[in-house]
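Here is the structure we will look at, set down as structure tokens.
The values are calculated or read from the model by the stated rules, or taken from the named source; none is laboratory data. What you see is a predicted model, and the numbers here were worked out from it, not measured in a lab. As a convention, Cβ positions derive from the backbone with ideal geometry for all residues, glycine included, and neighbour counts pool all protein chains shown.
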Amino acid sequence: MELYIKFIFLTCIKLTFRKIKLEFFIKGYIIKHLYTNDGKLFAQLNYSKDFFSDYAKHSHDMLSLSCLNQGKVYIDYMNDEVEILTTNKVAVFNKHQVHCSKQSEIKTTGYYTLYLDDKWCYDLQKKLCSTLDFVRPIDIKLIDSKDIYQQFLNICKDIESNNIDNHVATIENFISEIFKIHCNFEYQEEDNNSDTKLVDDVKQYILSNLENNISLLDIASYTGYHSTYISRIFKKEFGITPHAFMLNQKINISKKMLLRNNLIVDVASEAGFYD
């Protein structure tokens with residue numbers, strides 16, 4: 001783990017282009033951070049020239065959208081059917097939605113992913129629905145629209161090449177249209193089911209104790225439920241075990257801290273990596 005963190009840290013090279021920062025570039029892989037007019041980070045664009053590997057099961061702690069310049073990628077959303085991402089389609093990954101992406105028989109080039117800050121998404125949705133009390137997920141996994149795909153691809157390419165003057169307004173307008181079409185602002189979140197509440201309690205307990213290396217027995221003691229039952233219903237909801245979820249969150253924290261040039265020892269302490 002320490003070598004992995006050192007590798008990420010040593011390859012983080014910062015260059016500034018207007019309000020867009022190029023954070024990382026190696027072997028055709030680019031990460032760019034996007035900031036609002038008042039200097040707040042609201043999005044991150046990842047670009048890979050070639051889709052060259054299969055990704056293990058994972059999730060993100062924010063909404064993300066992906067598209068391809070050319071080729072085909074298989075996306076397994078775990079408990080649902082495998083979707084096929086091709087040109088003219090945009091893949092949607094809601095917050096904490098477990099998935100994995102796999103290569104196809106067709107060479108894939110130009111893989112873009114735009115990550116959107118959760119608070120920024122909430123504020124944007126609040127403009128569309130003033131009574132909103134939580135971020136609504138996008139209710140579709142693949143947006144099959146040539147027009148939306150082309151808009152998204154153009155935005156990604158412009159950001160990649162630093163050829164976008166008002167990226168905040170451009171992205172806000174685009175994402176607003178996605179929310180209008182594919183988010184349900186009428187339903188209220190139901191939390192009456194005991195299993196749903198238990199899963200939420202377990203998730204919040206993990207997120208509040210990432211630095212403590214808690215075990216499944218700790219979670220069982222906190223909730224009052226048997227560890228086997230907790231593991232089963234948690235995996236049914238998220239597609240991964242509580243331990244895998246905790247590890248995924250620690251990695252997300254580590255990546256963010258390393259991109260801010262925090263010392264490795266501070267990253268390890270904050271994320272709860274002690275070995």
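Which one is farthest from Asp139 (Cα to Cα) among residues in segment 65-87 that are surrounded by 19 or more Cβ atoms within 10 Å (Cβ to Cβ) and touching a helix residue (DSSP H, G or I) at 6+ places or on another chain (Cβ under 8 Å)? Looking at residues that are surrounded by 19 or more Cβ atoms within 10 Å (Cβ to Cβ) and touching a helix residue (DSSP H, G or I) at 6+ places or on another chain (Cβ under 8 Å), I get Cys67. Of everything in segment 110-126 that is outside any strand (DSSP E or B) and not aromatic (Phe, Trp, Tyr), the residue that is farthest from Cys67 (Cα to Cα) is Lys126. Filtering Tyr74, Tyr47 for residues that are part of a strand (DSSP E or B), closer than 16 Å to Cys156 by Cα and modelled with pLDDT of 75 or more leaves a single hit, Tyr47.
Scanning segment 111-128 for residues that are touching a Lys or Arg at 6+ places or on another chain (Cβ under 8 Å) and without any contact (Cβ under 8 Å) to a residue 60 or more places away in the chain yields Asp118, Leu128. Can you say whether Asp117 is under 23 Å from Pro137 (Cβ atoms) and under 10 Å from the mean Cα position of the chain (by Cα), as far as the supplied structure shows? So Asp117 fits the description; yes.
Can you name the residue in segment 236-263 that is in a loop (DSSP other than H, G, I, E, B) and either closer than 11 Å to Leu210 by Cα or under 16 Å from the mean Cα position of the chain (by Cα) (or both) and is also modelled with the highest pLDDT among such residues? Before the answer, list the steps.
Just the residues of segment 236-263 that are in a loop (DSSP other than H, G, I, E, B), to begin with: 239-241, 260-263.
Remaining after also requiring either closer than 11 Å to Leu210 by Cα or under 16 Å from the mean Cα position of the chain (by Cα) (or both): 239-240.
On the way: Gly239: 83, Ile240: 87.
Of everything passing the filter in segment 236-263, Ile240 is modelled with the highest pLDDT.
One residue alone among Val199, Val168 is under 30 Å from Ile30 (Cα atoms) and not in a loop (DSSP other than H, G, I, E, B), and that residue is Val168.
How about segment 83-109: which of its residues are modelled with pLDDT under 90 and not in a loop (DSSP other than H, G, I, E, B)? Even if it seems obvious, please write down each step before you answer.
Of the residues in segment 83-109, the ones modelled with pLDDT under 90 are 95-109.
Listed by number, the residues that qualify are His99, Cys100, Ser101, Lys102, Gln103, Thr109.
Per this entry, Lys236 is counted among residues that are closer than 29 Å to Val82 by Cα, outside the structural domain of Asn88 (by TED's automatic domain parsing) and in contact (Cβ under 8 Å) with a residue 60 or more places away in the chain. Just one of the listed residues (Ile175, Ile164) is in the same structural domain as Ala91 (by TED's automatic domain parsing), surrounded by 18 or more Cβ atoms within 10 Å (Cβ to Cβ) and modelled with pLDDT of 95 or more, namely Ile175. For segment 103-133, the set of residues classified as over 25 Å from Tyr35 (Cβ atoms) and not β-branched (Val, Ile, Thr) consists of Gln103, Ser104, Glu105, Lys107, Cys129, Ser130, Asp133, listed by residue number.
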